[in-house]
Structure formats: structure tokens, C-alpha cells
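Here is the structure we will look at.
A short reminder: the numbers here are calculations on the coordinates, not readings from a lab. The model shown is predicted, which means the values in this text are computed figures rather than measured ones. Note: ideal-geometry Cβ built from the backbone for every residue, glycine included; neighbour counts use all protein chains shown.
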Amino acid sequence: MRAMQTLILKPGRDKSMRRRHPWVFSGAVKQVQGAPAPGETIEIRSADGQFLALAAYSPASQIVARVWAWEKRTIDSAFFREKLLQAAARRQSLLGAASTDAVRLVHGESDGLPGIIADRYGETAVVQLLSAGAERWREEIADALLEFPGLVRVWERSDADVRVLEGLMPRTGLLRGTAATAPLTISEHGLKFLVGLETGHKTGFYLDQRDNRLRLRGLAAGRNVLDCFCYSGGFALNALAGGAKSVSAVDSSAEAIALGRRNAELNGLAQPEWIEADVFHQQRKFRDQGRSFDLVVLDPPKFAPTAAHVEKAARAYKDINLLAFRLLAPGGILMTYSCSGGIDAGLLHKIIAGAALDAGVDARIEDWLHAASDHPVALNFPEGEYLKGLICRVA
Ligand code: SAH
């Protein structure tokens with residue numbers, strides 16, 4: 001057998017590994033011994049030669065290695081099967097629950113499977129392979145998913161932008177099983193949603209907001225609701241289900257709104273006022289028209305994918321939140337989110353506080369919101385805490 005290829009860290013650059021952070025940045029590398037191929041399993045060693053971890057090598061990326069294991073073991077199909085079973089066990093209560101048939105099965109680094117996302121939509125698994133290591137084990141991962149009870153097909157949506165950083169081309173399509181004959185539909189807290197399997201965002205649906213959509217349902221009765229960045233109507237339809245007086249829903253994607261219309265039909269709900277527009281423009285239009293709302297949801301896309309974008313992103317978050325505060329009637333509620341890895345809960349709090357101040361409203365935080373529990377955050381991987389939200393009520 002060929003000797004394991006080894007990445008040696010610079011002196012003093014083993015600290016984050018010792019805290020079990022699963023990434024090796026290229027700047028920390030002293031030397032790579034041998035010529036490992038992209039995705040190949042390598043040993044990570046400290047400058048003085050101590051074994052630290054087994055990791056997948058990704059020479060094209062700033063994140064040059066991602067850890068599979070902190071101990072010496074074989075990385076093979078059995079490894080992926082074992083990790084998937086562990087991830088499923090963590091979600092046992094959700095998988096057995098009647099509240100939904102759509103669950104995130106694998107949440108990347110936080111499940112010890114860097115670069116791998118897998119969502120279960122009924123009988124269909126949708127997988128995203130986002131790193132060279134994930135790509136290397138594509139077939140084994142697909143096989144492991146297909147063995148999962150109740151799954152009959154695996155669909156690939158490896159078309160996220162981050163693939164480029166790993167030197168990988170986008171790839172989508174059926175990976176295992178036969179294509180479904182009917183459009184893919186899931187159920188969440190009694191509402192049905194179509195999944196944009198082939199061309200929808202991410203894996204086709206935003207599972208991370210499941211609990212928060214239900215939360216909104218409980219706040220919506222009798223209110224005029226504005227859902228900004230509505231995608232396929234997740235919040236908007238929950239507002240209707242919760243007895244909202246009126247619902248307006250804004251998204252810049254015609255395809256998202258088309259899905260939203262079909263979702264409203266599917267549930268026998270009235271159609272919200274769908275508005276295909278840029279939220280930044282639409283909020284100003286509402287302001288100029290003198291329209292106001294009793295509840296505004298802001299669930300924008302990632303404005304700051306990394307720390308480098310934070311300043312510009314902070315201005316964008318402040319802008320939409322300031323306008324949202326201005327659009328709120330007295331006693332109104334703002335439900336606001338950031339899914340930017342570069343913006344932590346403390347910074348989001350500051351941005352929202354600044355927005356309220358500049359909007360001239362007196363508001364208080366009633367709750368802090370997070371992604372649903374099938375999107376866990378490993379304690380050794382703070383980057384996993386990407387989704388944060390606040391419920392604010394104005395005086
Ligand atoms: N709340 C949704 C998910 C929102 S995802 C749910 O629960 O399912 C973010 C959405 O913002 C996407 O649908 C995207 O099309 C939309 N979007 C991105 N930039 C936008 C902009 N400037 N104006 C309006 N919509 C935008």
C-alpha cells in the first residue's frame with residue numbers, strides 16, 4: 001500500500017486543529033508531501049510531526065483540507081454509511097414526526113461531513129457536494145443515501161457557487177433511482193409545498209426556516225403581512241394559514257413566484273398579492289405610496305458569504321430593516337433574518353438597532369431565532385451558525 005500523503009502545518013499553526021476546527025487554510029501549510037490528487041485523503045500533522053487528523057485535500061481552495069476524522073481510520077464507503085446513520089439518529093424525533101416529511105439529513109461540517117449537504121423530501125434525497133473531498137466520494141455517498149429507509153432516489157444539486165472555489169464544475173441530475181413522475185411535493189406543519197428540484201434555490205426548498213414559518217403563523221392573525229424575499233411563499237402562506245387579513249409577497253425571481261402561486265393553489269388558500277420586484281425598490285415604492293403593514297418578514301439571501309463582504313452587507317441589511325421599520329404600523333412586528341456566515345448574532349443586533357434608531361421607531365426584541373434543529377451547529381464549528389433572526393415589536 002502507498003504511504004499516506006501528508007500535509008504539515010507551519011509551527012504554531014496547529015492551534016485551530018487542536019480545538020477541532022475542521023478546516024486547514026492554505027496560509028497555515030508548511031509543506032505537502034507527495035502529490036495528493038484533489039479530494040484524496042491525507043494526514044494532517046503539526047510542524048513537529050504529530051498526527052492531528054485525516055482530511056480531504058483540496059489544492060484549488062483557500063480551505064486546502066477539510067477533516068474527515070480526528071483519529072486514524074479508513075475513509076471508505078463504510079465511513080460514509082456510519083456518518084449518515086449518526087446524522088439520521090440525531091434527527092430521529094423529526095424523522096418520526098407527523099409535522100413534516102422534509103428533513104435535512106446531513107448538514108456538512110456540523111455532521112462531521114464537510115462539504116456534504118443532503119435534504120430528504122419524502123422519498124427523494126437531494127444532495128449537494130460542495131468540496132473536492134465530497135466530490136471524490138460522490139458514488140459512495142449516493143449509495144449510502146439510497147440505503148436510507150424510505151428513500152428511493154438521489155438527486156444531485158451540486159450547482160452552488162462555492163463549487164468554483166474548489167475548482168469544481170456545477171453538476172445536477174438524477175444520481176440514483178428513477179425520476180419521479182409527479183412534481184415533488186412536501187408537507188410542513190399541515191401545508192404543502194412544491195420543491196424546486198431541478199432549478200429551485202439550494203436543494204429546492206429552505207428547510208432551515210421550518211420552525212420560524214410556524215412561528216409567523218402564530219403571529220399573523222388579523223394582520224396585514226408583508227413577506228419580503230418570499231421565494232415560493234413559505235412565510236406568506238403560513239401567514240394566510242394563520243388568519244392574516246392580507247398578505248403581500250415580494251421576490252425578484254419570476255420562477256419563485258410561479259412556484260408560490262402553485263403552492264397557494266395546492267393548499268386551497270387565497271393568492272397573496274405577489275409582487276415580482278427588487279425588495280430595495282419595492283419598499284421605497286410602498287413608502288412613497290404611504291402603505292403600511294402590521295407584520296413584515298425580511299428573509300434576504302446571503303449578503304455576506306464571507307467576512308470580506310461584511311461592511312457592504314451590513315449597509316444592505318440596515319437599509320432594508322430601516323425601511324421595514326418605517327413601513328410598520330404602530331404595534332407592528334418585524335421578523336428579520338440574516339443567513340450570512342460573516343454576520344454573527346451580535347452584529348445583526350447592532351445593525352437592527354441602528355436601523356430602528358434611524359427610522360425613529362421605539363422597538364424591542366421579543367425573541368432570537370435560529371435555524372431548525374435538523375441544521376445543528378457543531379460547537380467546534382461556529383461558522384455553522386449561519387441563520388440568525390430577531391422578532392422585534394415597535395411601540
Ligand atoms: N423565505 C423563503 C426563502 C427566501 S430565500 C422561504 O421561507 O422559503 C431568498 C429569496 O430572495 C430568493 O427567493 C431570491 O429570489 C430572493 N431575492 C434575492 N435578491 C432579491 C432582491 N434584491 N429583491 C427581491 N428578492 C430577492
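Here are the numbers for this structure:
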{"read-out": "Estimated FRET transfer efficiency (E311, V162; beta-carbon r; R0 22 Å; 0.05)", "value": "0.55"}
{"read-out": "Length-normalised contact order for the chain - Cα pairs under 8 Å, 6+ apart - percent", "value": "11"}
{"read-out": "Unit charges at the beta carbon, dipole of the stretch 119-220: most positive-side option, V127, H201, L174", "value": "H201"}
{"read-out": "Computed label-point distance, nm, for sites A345 and S373 using a 7 Å Cα→Cβ extension", "value": "1.7"}
{"read-out": "Length-normalised contact order of the stretch 71-117 in % [C-alpha pairs under 8 Å, at least 6 apart]", "value": "28"}
{"read-out": "Folded to 0 to 90 degrees: helix 310-327 orientation relative to the chain principal axis, Cα", "value": "20"}
{"read-out": "Cross-link reach list, lysines versus K318, counting only Cα pairs under 22 Å and skipping chain neighbours closer than eight places", "value": "K285, K302, K350, K388"}
{"read-out": "Inter-label distance for A78 and E383, nm, one decimal - labels placed 7 Å from Cα along Cα-to-Cβ", "value": "3.0"}
{"read-out": "Label-point separation, I365 to E255 (7 Å along Cα→Cβ), nm", "value": "3.6"}
{"read-out": "Student exercise, the stretch 15-76 dipole from Lys, Arg, Asp, Glu Cβ charges, in Debye to nearest 20", "value": "320"}
{"read-out": "Whichever aspartates and glutamates have a C-alpha closer than 14 Å to that of K10, once near sequence neighbours (fewer than 8 apart) are set aside", "value": "D48"}
{"read-out": "Residues K10 and Q33, FRET efficiency given R0 of 22 Å [Cβ-Cβ distance, rounded to 0.05]", "value": "0.95"}
{"read-out": "Size of electric dipole in the chain: Cβ of Lys, Arg +1 and of Asp, Glu -1, about Cα centre, debye, nearest 20", "value": "640"}
{"read-out": "Proximal lysines to K72, defined as alpha-carbon separation beneath 18 angstrom and excluding residues fewer than eight positions away on the same chain", "value": "K83"}
{"read-out": "Longest site-free stretch - the chain; sites: GluC sites (Glu not before Pro), DSSP loop, at most 15 other Cβ within 10 Å", "value": "199-395"}
{"read-out": "Selected from L184, Q62, L266, residue furthest toward positive end of dipole (the chain; charges at beta carbon)", "value": "Q62"}
{"read-out": "Expected 222 nm ellipticity per residue - DSSP helices of 4 or more, -39500 (n - 2.57), all of the chain, to 500", "value": "-8500 deg cm²/dmol"}
{"read-out": "Between 0 and 90°, nearest 10: helix 279-289 axis offset from the chain longest Cα axis", "value": "10"}
{"read-out": "Evaluated at q = 0.14, 0.15, 0.18, 0.19 Å⁻¹: base-10 log I(q)/I(0), Debye formula over Cα of the stretch 226-368", "value": "-0.65, -0.75, -1.06, -1.16"}
{"read-out": "Cβ-placed point charges (K, R +1; D, E -1), dipole of the stretch 237-321 about Cα centre in debye, nearest 20", "value": "200"}
{"read-out": "Formal net charge of residues neighbouring W23 (Cβ-Cβ distance under 9 Å; K, R +1; D, E -1)", "value": "-1"}
